[in-house]
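Participant: Dropping a structure here in structure tokens format, bear with me for questions.
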Amino acid sequence: MSDKADNEPDLAHAPLEGLASGINGHQLDDHLRAVSRLAASFGGPRDRAICEAAGLWHDLGKRRAGFQRYIRQGNGATAHIERVADSDKTHSAAGAIWAAKHLHERDGTRGLLLARVLQYIIAGHHAGLDDWEGGLSARLAGEPATRESAEALARPSPEDILRPALEFPEIGSLPISDERSSGTPGRFALWVRIIFSALVDADFLDTEAYFDGAAKGLRGDMPTVQAMRALLRHHLDERIVDDGRVNRARAEVLNQCRIKAHLPPGVFSLTVPTGGGKTLSGLSFALEHAVAYGKRRVIVAIPYTSIIEQTADVFRQIFSSLSEDAVIEHHSNAETEPERETARSRLACENWDAPLVVTTNVQLFESLFARRTSRCRKLHNLRDSVIVLDEAQLLPVEFLQPVVDVLRYLVQDFGVTLLLCTATQPALDAEPGPDPARGLRRGLPSVTEIIDDVPALYQALERVEVYLPPSLETPRAWEDLADEVGAHDAVLVIVSRRADAAELYRLLVARVGEAGCWHLSALMCAQHRSDTIAQIKVALDAHRQALAAGTPAPAIRVVSTQLVEAGVDLDFPVVYRALAGLDSIAQAAGRCNREGRLAHPGEVHVFVPPTDAPPGLLTIARQTCRRVLSGSSGNPFSLELVQRYFRSLYFDAPSTDRRAICEKLALCPDRQSLALPVQFRAAADAFRLIDDDDQATVLVRYRSSRAAADIDALIGLLERDGPARWLMRKLQRFGVALHARQIQQLLAKGDIAEVASCPGLYAQREHWDGLYHPVLGLRSDSGPGDPAQYFI
């Protein structure tokens, strides 16, 4: 089939098999109206009309004769994907140009301001949000865009699509005027990004409903937050016991979370020592608050890519009777560049369509500053949610100002309640320091602490004694440390680099043998780590039972990166921690005498490793901790010392906005400017907690009796059929993140290959088992920089 007949309707999409298959195409008018309705339902009351207009006009360019010919002559699989390099195959400029023309004629200057918002959104719904100056403005004024618009608008369109009767909001009610008057950058940019998200998700969902009608049915019948609250209440009430000071303290934490959940929405903190049950108590607060104030979902963000599967596993066990997809675990995206997109890669990206999402700081914050459709798609689902930042002290210092700004705007403009969960509460109140150019200039609004008496809680949960080395400057050799660790029969050692963990594990095994020794790092895939942690817990139980019975106890010695420092319920009598930030040392101490079973305090030994900390924040944190501890005495985890540490850390950092994100997102202060120039592309490129160009994911063929799915079958499905969200969710548990240099080395050796259906994602060659070690994981060095704060 080639050109369409005059009486044939314009199409938005053709079937994957092509129109020659006899399957009807997706009519353009139906698609535009459906996307408009969906987008409007995703926006808040104020933004409804803007979302409706974006949906009606986003694909107007598909009406041009050249694009209709392109759709009909293609095979359908990628014919609706915009190819900017080919001006005959573009379609996103026409709607953006029409928005300016129509709204200016209809509403004058007010209409032109609203049109600028729509131009960002419509023109970017394939390629992503762009900078206005030097980007979008030039594109919309160029010959290809004006020709596309003229060709599309020359063809008839229904009046309800082209000139809908919409009641747009007054400019004074929008973030445009507020940001210009207040001088707080980024509020307008976030608002545009949230509306962009509503359009993109609506477009993807309606497109998916056409290509894969069965997928739409998979998204119905999600459990409600009310049902999840009831199940969590039952679970926690069964666990509450009153048999010791630790359990009594945990019960009181839970009780205060349930009570304070009925306070009005805003910003809350939950300051609880490690081992105080803050993860489930924090979730209890979030669900109770969601029910009390009509919040739609709970987002739990955790700093480490390699921890969230453990927290998600706990949550899934609690809510397993409700739905398999009640809890979405999302920590990595095999993102495809726009020019390499396929129909399936667009539809497989995550939109957080679940009542409980467990994700990472990287995924959450990079999405909040993103420009690509795949990253932004989920953002409208943050509206009217509860966001729990677990281990909030690990917010990225060099991006702290834009992060705090965006959190404040989410609370202020989008009905978000924010909960900061941590044992070492960071100083986010923007207290002036000696240098006005450093530290936080704008903090969070008033924060409500959930715990009535934080010092008393810390005293009730004191369970360890910390031993600092005679000198915080003198390193210890790994060989010396391995000898000392080997003398303990139950011990955990935590280091800051993958290579350090592997080296110390090898030295330890050389001294005491493999029996009773375990290794943990993010060179192991998530499923491997989960299996290993389960084995360690069984070994710890056996060790305790043997001691209680007076029989010889099997030794258990674990060497790990800091992935065990949050969300991992391990309990050792002795813990060693390489010198790091004070918050990290406190987290390590939470794995020592966690249940308070010992008759004496547990032992936490801090040592200076022979290797440098990874560059950047981890080096600054180690130096700050060294300085703070060197000038103090007494409990290193006292609240006063922790506050001093964080204030010093924020002022020691070169900047809390190192890449000038706030400047890039600021509106022009000229109140007469109608362009509303924002540097979306520049800000997104700069806001990289992990630089996408420097890392990628390898799917490893780890096989486990505990894994529900066969990894070879899953990779086979991906290679044969391409990505789907359910499949990508399962495959996350078998991914290992590596630097680009390491990827290239493995490609050159033939150990891995790029997945053809998912560019940017790699897989271990089938039956190439030598690449993946059964204990140490993927055989690779630690990589340049080894950004342990995120890949550990």
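The values are calculated or read from the model by the stated rules, or taken from the named source; none is laboratory data. Computed from a predicted structure; not experimentally measured. Cβ placement follows ideal geometry from the backbone for every residue including glycine, while neighbour counts extend to all protein chains displayed. These accessible areas exclude ligands, DNA and RNA; they are computed on the full protein's heavy atoms, side chains included. Shrake-Rupley method; radii C 1.70, N 1.55, O 1.52, S 1.80 Å.
Participant: Please turn the phi angles of region 624-640 into ³J(HN,Hα) values with the Karplus equation 6.51 cos²θ - 1.76 cosθ + 1.60 (θ = phi - 60°), one per residue in order, whole Hz, x for glycine and proline.
Facilitator: Residue by residue, region 624-640 yields 5, 4, 4, 5, 5, 6, 5, x, 9, 9, x, 5, x, 9, 5, 4, 5 Hz.
Participant: Once you keep just the Cα pairs under 8 angstrom separated by 6 or more residues, what percentage relative contact order results for the chain?
Facilitator: The value is 14 percent.
Participant: Using a 1.4 Å probe and ignoring any ligands, DNA or RNA, find the accessible area of Trp132 and quote it in Å² to the nearest 10.
Facilitator: Only protein atoms counted, so the area is about 30 Å².
Participant: Between Asp107 and Ser21, what length comes free when the chain is fully extended (0.36 nm per residue of separation minus the Cα-Cα distance, one decimal in nm)?
Facilitator: 26.3 nm
Participant: Let me ask something else about it. Taking 60 Å as R0, compute the FRET efficiency from the Cβ-Cβ separation of Ala165 and Asp429 and round it to 0.05.
Facilitator: 0.80
Participant: Continuing with this model, one more query. Going by accessible area, probe 1.4 Å, with all protein chains left in place, what is the ranking of Lys730, Lys62, Lys260, largest first?
Facilitator: Lys730, Lys260, Lys62
Participant: Something else: Would you calculate the separation in nanometres between label points at His773 and Ala542, each defined as 7 Å from the Cα along the Cα-to-beta-carbon direction?
Facilitator: Modelled inter-label distance: 2.3 nm.
Participant: In nm, what is the difference between 0.36 nm times the number of residues separating Glu766 and Glu640 and their Cα-Cα distance?
Facilitator: Extra length available between Glu766 and Glu640 comes to 39.9 nm.
Participant: Starting from the Cα-Cα distance between Asp452 and Asp212, subtract it from 0.36 nm times their residue separation and give me the gain in nm to one decimal.
Facilitator: In short, 81.2 nm is gained.
Participant: Kirkwood Rh over Cα pairs of the chain into Stokes-Einstein at 25 °C, 0.890 mPa s: D in µm²/s?
Facilitator: After rounding, the answer is 88 µm²/s.
Participant: Using only Cα atoms, find the angle between the long axis of helix 400-413 and the longest principal axis of the chain, and express it within 0 to 90 degrees, rounded to the nearest 10.
Facilitator: 60 degrees
Participant: Something else about it: What number comes out for accessible area per residue over the chain if the probe is 1.4 Å? Units Å², please.
Facilitator: 36 Å²
Participant: Okay, next question. Quick check: the distance between the Cα centres of region 727-763 and region 437-456, to the nearest angstrom?
Facilitator: Using only Cα atoms to place each centre, the spacing works out to 41 Å.
Participant: Once phi is turned into θ = phi - 60°, what whole-Hz ³J(HN,Hα) does the Karplus curve with 6.51, -1.76 and 1.60 give for every residue of region 549-565, x standing for Gly and Pro?
Facilitator: Coupling constants for region 549-565: 8, x, 9, x, 8, x, 6, 9, 10, 10, 10, 9, 6, 6, 4, 8, 7 Hz.
Participant: Sticking with this one: At 1.4 Å probe size, with no ligands or nucleic acids counted, give the accessible surface of Asp107 in Å², nearest ten.
Facilitator: 40 Å²
Participant: For Glu595 and Ser173, what does the FRET efficiency come to when R0 = 56 Å and r is the distance between their Cβ atoms, rounded to the nearest 0.05? Walk me through the numbers before you get to the answer.
Facilitator: Numbers: r = 53 Å, r/R0 = 0.95.
Efficiency computed from Cβ-Cβ geometry: 0.55.
Participant: Moving on. Sum -39500 (n - 2.57) across every DSSP H segment of at least 4 residues in the chain, then divide by the residue count to get the 222 nm mean residue ellipticity, nearest 500.
Facilitator: About -13500 deg cm²/dmol.
Participant: Here is a follow-up. Give me, ordered by chain and number, the residues 5 or more places off Gln695 or on other chains with an amide H under 5 Å from its own placed amide H.
Facilitator: HN-HN under 5 Å from Gln695: Ala740.
Participant: Pairing the Cα long axis of helix 143-153 with the longest principal axis of the chain, what angle in degrees results, from 0 to 90 and rounded to the nearest 10?
Facilitator: For helix 143-153, the angle is close to 60 degrees.
Participant: Using amide H atoms built in the peptide plane, which far-off residues or other-chain residues are under 5 Å from Leu761 H to H?
Facilitator: Long-range HN contacts for Leu761: Val755.
Participant: Treating the angle as unsigned and between 0 and 90°, give the value, to the nearest 10°, between the Cα long axis of helix 28-42 and the longest Cα principal axis of the chain.
Facilitator: 40 degrees
Participant: Work out, in µm²/s and without decimals, the Stokes-Einstein translational diffusion coefficient of region 442-533 at 10 °C, 1.306 mPa s, Rh from Kirkwood over C-alpha pairs.
Facilitator: Answer, rounded: 93 µm²/s.
Participant: Starting from the amide H of Leu356, placed 1.01 Å from N in the peptide plane, find each other amide H under 5 Å away whose residue is 5 or more places distant or on another chain.
Facilitator: Val298, Ile328
Participant: Using a ≥ b ≥ c from the Cα gyration tensor of region 498-543 (square roots of the eigenvalues), is it rounded, prolate or oblate, where a/c under 1.5 gives rounded and otherwise the larger of a/b and b/c decides, a/b for prolate?
Facilitator: In terms of gyration-tensor shape, oblate.
Participant: Can you sort His488, His600 by 1.4 Å-probe accessible area, starting with the largest?
Facilitator: Putting His488, His600 in descending order of accessible area: His600, His488.
Participant: Rounded to the nearest 10 Å², what accessible area does Leu153 have for a 1.4 Å probe in the complete protein model?
Facilitator: Counting only protein heavy atoms, the figure is 60 Å².
Participant: State the Cα centre-to-centre distance between region 1-68 and region 122-181 in whole Å.
Facilitator: Value for the Cα centre distance between the two parts: 17 Å.
Participant: Kindly identify region 251-299 as rounded, prolate or oblate by the Cα gyration tensor criterion: order the square roots of the eigenvalues as a ≥ b ≥ c, call it rounded if a/c is under 1.5, otherwise compare a/b with b/c, prolate if a/b is larger, else oblate.
Facilitator: prolate
Participant: Which distance in nm do the two modelled labels at Asp30 and Asn247 give, with both placed 7 Å along the Cα-to-Cβ direction?
Facilitator: If labels sit at Asp30 and Asn247, their model points lie 6.1 nm apart.
Participant: Using θ = phi - 60° and the Karplus form 6.51 cos²θ - 1.76 cosθ + 1.60, what ³J(HN,Hα) does each residue of region 583-594 get, whole Hz, x for Gly and Pro?
Facilitator: Karplus-based 3J(HN,Hα) across region 583-594 equals 5, 5, 5, 5, 5, 4, 4, x, 9, 10, 6, 4 Hz.
Participant: Given contacts defined as C-alpha pairs under 8 Å and at least six residues apart, what's the relative contact order of region 388-544, whole-number percent?
Facilitator: This gives 14 percent for region 388-544.
Participant: Is there a pair in Lys295/Lys537; Lys62/Lys730; Lys378/Lys664; Lys278/Lys730; Lys101/Lys378 whose C-alpha atoms are over 32 Å apart, and which pairs would that be?
Facilitator: Lys295/Lys537; Lys62/Lys730
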